[in-house]
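All remarks here apply to the structure that follows.
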Amino acid sequence: MLTQRVRWRAQVTERFTRAIDQLGSEKLDVRIGAVYALEQIARDSAELHWPITEVLKAYLREHAQPGRDLEAAAGEPCSCARRPTTRNRHRDRPATV
């Protein structure tokens, strides 16, 4: 039982570390993914809920630039809004959004 807990904790720590690294990415979609990953980690681990909240608050204090970020984002749709270039694996036709 202890070994299982240690393995689970190591996995959560790895996910947390990877998400923190991704917050520093130049790519907006990677940073957004990091935020979602941190949210899921906070749901999975009650003891990491507040540390994750503090990390996200610190990130916003350091990186948010009111107005500028919104203006820059308005000119470029996020990658999730772009039309997929791969084919749907269940059908032999292009995927639609």
Q. Among the residues of segment 5-17, which ones are surrounded by fewer than 12 Cβ atoms within 10 Å (Cβ to Cβ) and basic (Lys, Arg)?
A. ARG5, ARG7
Q) Can you name the residue in segment 18-32 that is without any contact (Cβ under 8 Å) to a residue 12 or more places away in the chain and surrounded by 12 or more Cβ atoms within 10 Å (Cβ to Cβ) and, of all such residues, is farthest from the chain's Cα centre (by Cα)? A) SER25
Q. In segment 41-57, which residues are in a helix (DSSP H, G or I) and surrounded by 12 or more Cβ atoms within 10 Å (Cβ to Cβ)?
A. ILE41, ALA42, ASP44, LEU48, HIS49, PRO51, ILE52, THR53, VAL55, LEU56
(Q) For segment 36-50, give me each residue that is under 15 Å from GLU14 (Cα atoms) and among the aliphatic types (A, V, I, L, M). (A) ALA37, LEU38, ILE41, ALA42, LEU48
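Throughout, read-outs are computed from the coordinates displayed, never taken from laboratory work. A quick note: this is a predicted structure, and the numbers were derived from the prediction, not measured. We place every Cβ from the backbone using ideal geometry, glycine too, and count neighbours over all the protein chains shown.
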